[in-house]
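J.: Structure below; questions to follow.
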Amino acid sequence: MLLNQETFKHRYRQLVYLTKKKGSEPSFTSGLWFDEEGYKYDFWEKAQAELQLETWLQLTDSEIVKLAIKPFGILMRGSYRRQNLVSEPNYMKVIDIFYENGHEAAETLKAVFFGNDDRVAFDRFAKLLTKKAMSDPISVASLFFFLKNKEEYAVAHKQGTGEKLNKLGLNAACVQKCTWVGYQEYISIVKEIKSLLPAELNATLLDAQSFLWMMWMVEENTPEYVDEELEFHDFANGTVNIQKEQWINLIRNGTITETDIAYLAKFYASPNHASTPKRLSELEGTHPSSYISPCTSLGRKISQFFLIPSIPREGKPDSEKLYPIIFLGRRISNGLFEWKLRPELVAALEETSPQTLAAETVRMEENEEEEAAQLSVDELLDRARKCHSGPADTYTSTTKQRRRNPLMQLAAKARANGVCQLCGITLDYKDKQGRPYLEAHHIIPLAENGPDELSNMTALCPNCHRKMHVVADRDDIARLLALAEF
């Protein structure tokens, strides 16, 4: 993993803030982002038409050279000049190189577009570009590889791209020289960006490169955008200020009973220490009301203990709400309301009741796994794709653990369909349920704050699983992240 996920998320939220400020929405198909970067799709289509690649194998060297310089003609027209995909001094020198070295240029270009070894073709092209002193040869070489395959390659600039890589906390050495190794590192970064962009953007590799290029808008002091709809709120309006030690006292003096702790542990064992009564009832085969009544009872006890003023319901000033004494809350899809244990209460429970919490966490994971096992592959993948919990929350037994969502593990195995995602071997041995034996693996480890989400999950044979934990090769990580996209 080359990118620090927290740095990436910070920069992403900064860019979204600027985008919203300009009255636009995050999108690569419309609005500000498309206005800034969408031209590259148009350029690629026009360049493909001008290159006429389907005719090259029947053409002379001079005819190939004439076609090969046509994309530079597009770059000299109108609005393309300001986009600066390749600077004019550089592509004017390339035109001279192509004409002065006709046969060598034609053979090199054919190696790029039709050869079997991209590494050899890139090195050959880079050597050709040294025939004239050029300030940014990697921009030219990468342009032609982008024209070869926009799903696999992107344009890089020595200076412009380097500045933007630095904003993501990355070393820009990979684009300082025109080498295959450096270019591959750059492409790995762009693929990582693609994997980290929100799934709803349906980002392509070209979009990921566009995101990187749009870092020019972001400054260190740019605020982050916060989606208020996704944030948990304190619906007690600041009237509840119970600290960890006070929660511990409530547990030890018996105000919060063992029955209360068992109830709270169900929310503690849920992802992000948050759930809805409906979701808990689905997992445990009970009625949602069985999770509402204990909340009311416990909230009233705590309210009376601390003499907390009544918290009126919205639109019903004569009635009170008691859940905000225990929980933060947010409205989610389908009109549901999600409760999240107050962080001070979480800390108190971890200190006083670790065994209860650990046992409930294991039980809830078993319930979730049993429920997920009944789903079809399509249902399983659909549910997993909708889960965006971010870094896995922790629970405490005698040591601190990171909670794994069984749904993600089953979905990753189902998606792999019996094929190891690293070595490509189809496994012929089965587990006890008769399914191909694969092991679920978090590509970015949970211990490094990798998200417990399908975009960070893969399924591997035991040998490759061990390899990932012992070797953790960068190329393997980048490849698995690309395969994990959805």
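The values are calculated or read from the model by the stated rules, or taken from the named source; none is laboratory data. In this text the structure is predicted, and so the values were computed from the model without any measurement. With ideal geometry, Cβ positions are generated from the backbone for all residues, glycine too; neighbour counts draw on all protein chains shown. For the accessible areas, the whole protein counts, side chains as well, though only heavy atoms, and no ligand, DNA or RNA atoms are used. Shrake-Rupley method; radii C 1.70, N 1.55, O 1.52, S 1.80 Å.
J.: For residues in region 9-33 being charged (D, E, K, R) and in a helix (DSSP H, G or I), which is modelled with the highest pLDDT?
T.: Taking region 9-33 first, the residues charged (D, E, K, R) are 9, 11, 13, 20-22, 25.
From the residues that got through so far, the ones that are in a helix (DSSP H, G or I) too are 9, 11, 13, 20-21.
Details: LYS9: 87, ARG11: 92, ARG13: 88, LYS20: 87, LYS21: 85.
Looking at residues that are charged (D, E, K, R) and in a helix (DSSP H, G or I), I get ARG11.
J.: Pull out all pairs, ordered by first then second residue, where Cβ-Cβ is under 9 Å, the residues are six or more apart or on different chains, the first lies in region 437-451 and is on the phi > 0 side of the Ramachandran plot and open to solvent by 50 Å² or more (accessible area, probe 1.4 Å), and the second is in a loop (DSSP other than H, G, I, E, B) and among the small types (Gly, Ala, Ser).
T.: Correct list of pairs: ASN449/GLY390; ASN449/ALA392.
J.: Quick one: count up the residues across region 333-359 that are open to solvent by 60 Å² or more (accessible area, probe 1.4 Å) and part of a loop (DSSP other than H, G, I, E, B).
T.: 0
J.: In region 74-123, which residue that is at pLDDT below 85, part of a loop (DSSP other than H, G, I, E, B) and open to solvent by less than 50 Å² (accessible area, probe 1.4 Å) is farthest from THR55 (Cα to Cα)?
T.: Checking each candidate, the answer is SER87.
J.: With the requirement that a residue be open to solvent by less than 50 Å² (accessible area, probe 1.4 Å) and part of a helix (DSSP H, G or I), what does region 53-73 give you?
T.: The answer is LEU53, THR55, TRP56, ASP61, ILE64, VAL65, LEU67, ALA68, PRO71, PHE72, GLY73.
J.: Which condition number in (1) more than 26 Å from GLU320 (Cβ to Cβ); (2) out of contact with any Ser or Thr (no Cβ under 9 Å at 6 or more places or on another chain); (3) not β-branched (Val, Ile, Thr) is the one that ALA236 fails?
T.: In the conditions (1) more than 26 Å from GLU320 (Cβ to Cβ); (2) out of contact with any Ser or Thr (no Cβ under 9 Å at 6 or more places or on another chain); (3) not β-branched (Val, Ile, Thr), ALA236 misses (1) alone.
J.: Every residue in region 33-67 that is under 30 Å from MET217 (Cβ atoms) and of a type in the set (A, V, I, L, M, F, W, C), please. I'd like the intermediate steps shown before the answer.
T.: Start the filter on region 33-67 by keeping residues that are under 30 Å from MET217 (Cβ atoms), which leaves 33-48.
Passing the criteria: TRP33, PHE34, PHE43, TRP44, ALA47.
J.: Out of LYS148, LYS164, report the one residue that is within 19 Å of ASN90 (Cβ to Cβ) and over 21 Å from the mean Cα position of the chain (by Cα).
T.: Values: LYS164 fails: over 21 Å from the mean Cα position of the chain (by Cα).
Residue meeting the stated conditions: LYS148.
J.: Sticking with this one: Residue under question is THR286, and the condition is that it be closer than 30 Å to GLU453 by Cβ and either open to solvent by 30 Å² or more (accessible area, probe 1.4 Å) or at pLDDT 95 or above (or both); does it hold?
T.: yes
J.: Here's something else I'd like to know. I'd like to verify a number: residues in region 307-319 that are open to solvent by 60 Å² or more (accessible area, probe 1.4 Å) and either under 24 Å from ILE251 (Cα atoms) or assigned to a loop (DSSP other than H, G, I, E, B) (or both), how many? Can you show your working first?
T.: First, pick out the residues of region 307-319 that are open to solvent by 60 Å² or more (accessible area, probe 1.4 Å): 307, 309-310, 312-318.
Then keep just the ones that are either under 24 Å from ILE251 (Cα atoms) or assigned to a loop (DSSP other than H, G, I, E, B) (or both); that gives 307, 309-310, 314-315.
Number of matching residues: 5.
J.: Out of the strands (runs of 3 or more DSSP E) lying entirely within region 374-486, which hold 2 or more residues that are modelled with pLDDT of 80 or more? Step through it out loud before you land on a result.
T.: Values: elements: 394-396, 400-402, 439-442, 457-460.
So the answer is 439-442, 457-460.
J.: Of everything in region 177-205, what is part of a helix (DSSP H, G or I), crowded, with 17+ Cβ neighbours inside 10 Å and either among the basic types (Lys, Arg) or within 16 Å of the chain's Cα centre (by Cα) (or both)? Give them in sequence order.
T.: SER188, ILE189, VAL190, LYS191, GLU192, ILE193, LYS194, SER195, LEU196, LEU205, listed by residue number.
J.: Test each condition in (1) in a loop (DSSP other than H, G, I, E, B); (2) within 26 Å of the chain's Cα centre (by Cα); (3) buried (at least 21 other Cβ atoms within 10 Å of the Cβ) for THR222 and report the one that comes out false.
T.: For THR222, the exception is condition (3).
J.: With the condition kept exactly as written, say whether any residue in region 208-225 is under 24 Å from LYS321 (Cα atoms) and free of Cβ contacts under 8 Å to residues at least 60 places away in the same chain. Please lay out each step first, then the result.
T.: Keep residues of region 208-225 that are under 24 Å from LYS321 (Cα atoms), which gives none.
No.
J.: Would you check if there is a residue in region 364-378 being open to solvent by 60 Å² or more (accessible area, probe 1.4 Å) and farther than 28 Å from GLN409 by Cβ?
T.: No, region 364-378 has no match at all.
J.: Only residues that are touching a Leu at 6+ places or on another chain (Cβ under 9 Å) and more than 16 Å from LEU322 (Cβ to Cβ): list them for region 267-289, please.
T.: Across region 267-289, the qualifying residues are TYR268, ALA269, SER270, HIS273, ALA274, SER275, THR276, LYS278, ARG279, THR286, PRO288.
J.: Kindly evaluate ARG279 against the criterion of being closer than 30 Å to GLN374 by Cβ and surrounded by fewer than 13 Cβ atoms within 10 Å (Cβ to Cβ).
T.: Working: closer than 30 Å to GLN374 by Cβ: yes; surrounded by fewer than 13 Cβ atoms within 10 Å (Cβ to Cβ): no.
Considered against the rule, which asks whether it is closer than 30 Å to GLN374 by Cβ and surrounded by fewer than 13 Cβ atoms within 10 Å (Cβ to Cβ), ARG279 comes out as no.
J.: If you take the residues of region 124-176 that are among the basic types (Lys, Arg), at pLDDT 85 or above and in a loop (DSSP other than H, G, I, E, B), which of them is most open to solvent (accessible area, probe 1.4 Å)?
T.: Initially, region 124-176 is screened for residues among the basic types (Lys, Arg), giving 124, 127, 131-132, 148, 150, 158, 164, 167.
Cutting the leftovers down to at pLDDT 85 or above gives us 124, 127, 131, 148, 150, 164, 167.
In the following step, the residues that additionally are in a loop (DSSP other than H, G, I, E, B) were identified as 131, 150.
Numbers: LYS131: 99, LYS150: 40 Å².
By that ranking, first place goes to LYS131.
J.: If you take the residues of region 453-467 that are open to solvent by 10 Å² or more (accessible area, probe 1.4 Å) and touching a helix residue (DSSP H, G or I) at 6+ places or on another chain (Cβ under 9 Å), which of them is nearest to GLU151 (Cα to Cα)?
T.: Among residues in region 453-467 that are open to solvent by 10 Å² or more (accessible area, probe 1.4 Å) and touching a helix residue (DSSP H, G or I) at 6+ places or on another chain (Cβ under 9 Å), the one nearest to GLU151 (Cα to Cα) is SER455.
J.: Shifting gears a bit: TYR291 versus (1) within 26 Å of THR239 (Cβ to Cβ); (2) assigned to a loop (DSSP other than H, G, I, E, B): which is the lone unmet condition?
T.: (2)
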